[in-house]
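Heads up, the thing below is written out as structure tokens.
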Amino acid sequence: MKLTYSMVIQWSDEDQAYLVTLPEFGGCQTHGQTYSEATRMAEETIGALIQVYQTLGRPLPEPLKFGSPVSISNELAMAKTTSLKD
């Protein structure tokens with residue numbers, strides 16, 4: 001069974017790099033100077049984390065399940081609306 005894990009990729013003006021957060025792995029982060037590099041680094045980090053979990057005999061985290069594209073769009077619109085009010 002192939003597990004597919006999430007990556008949240010965001011540009012950081014402060015770091016001048018793309019920061020990648022891995023939600024299923026406790027918010028572990030990595031980064032890259034380009035979007036491609038950040039994605040590659042995240043894939044390598046996930047691979048290393050899987051090896052560590054397996055070596056320690058820990059169960060792998062369940063991949064997050066998100067709603068349909070329509071519900072995700074609605075959730076993003078709600079998040080933007082909420083953040084504008086703050």
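Of everything in the range 27-44, what is surrounded by 12 or more Cβ atoms within 10 Å (Cβ to Cβ) and of a type in the set (Asp, Glu)? Give them in sequence order.
GLU37, GLU43, listed by residue number.
Take the residues of the range 1-26 that are part of a loop (DSSP other than H, G, I, E, B) and polar (S, T, N, Q): which is farthest from PHE66 (Cα to Cα)?
Out of the qualifying residues, it is GLN16.
Looking at the range 27-86, which of the residues that are in a loop (DSSP other than H, G, I, E, B) and hydroxyl-bearing (Ser, Thr, Tyr) is modelled with the highest pLDDT?
Looking at the filtered set, the residue picked out is THR34.
Quick test of your reading of the structure: LYS2 fulfils all but one of (1) modelled with pLDDT of 95 or more; (2) basic (Lys, Arg); (3) under 18 Å from the mean Cα position of the chain (by Cα). Name the failing condition by number.
All conditions are met except number (1).
The values are calculated or read from the model by the stated rules, or taken from the named source; none is laboratory data. From a predicted model like this one, the values you see are computed outputs, not experimental measurements. Neighbour counts run over all protein chains shown; Cβ positions are idealised from the backbone, glycine included.
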